[in-house]
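Colleague: Below: one structure in structure tokens.
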Amino acid sequence: MAYVLIAILSVLVVAMVAWPLLGRAPEPSVAEQGDDRRAVEEELQRSLDAIREIEMDHRAGALSDEDFRALDADERARAVALMRRRDAQDDGAGQ
């Protein structure tokens, strides 16, 4: 079970990191930027909630140290990618 979760989270992290490298889309409208910003904020909040949940599960003994390290690292990488995406949106909106 844990290996399946690790595999899924790993694929999500790779997809989030690789997405900006796959190509540039046309500049979105202001309304689309706002929707995208909200979507990124929501994803970031879910990721931060997942990190807290992983930590609580580990403290409760529901996750082994090895599983905790793997899941925590993957989710933190996802959160960092989302923060960078949000910051890039802020930089683009300010220009």
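The values are calculated or read from the model by the stated rules, or taken from the named source; none is laboratory data. Quick caveat: nothing in here was measured; it's all calculated off a predicted structure. Positions of Cβ are backbone-derived with ideal geometry, glycine not excepted, and every protein chain shown enters the neighbour counts.
Residues are listed down the side, and each one gets a yes or a no for (1) surrounded by 11 or more Cβ atoms within 10 Å (Cβ to Cβ); (2) at pLDDT below 95; (3) not in a helix (DSSP H, G or I):
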| residue | (1), (2), (3) |
| --- | --- |
| Ala7 | yes, yes, no |
| Arg24 | no, yes, yes |
| Leu48 | yes, no, no |
| Leu63 | yes, yes, yes |
| Arg86 | yes, yes, no |
| Gln95 | no, yes, yes |
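Colleague: Any idea which of Val40, Val13, Val30 is surrounded by 15 or more Cβ atoms within 10 Å (Cβ to Cβ), at pLDDT below 85 and not polar (S, T, N, Q)?
Modeller: Val13
Colleague: A further question follows. Restricting the search to the range 41-85, which residues are of a type in the set (A, V, I, L, M, F, W, C) and in contact (Cβ under 8 Å) with a residue 40 or more places away in the chain?
Modeller: Selection gives Leu44, Leu63, Ala70, Leu71, Ala77, Ala81, Leu82.
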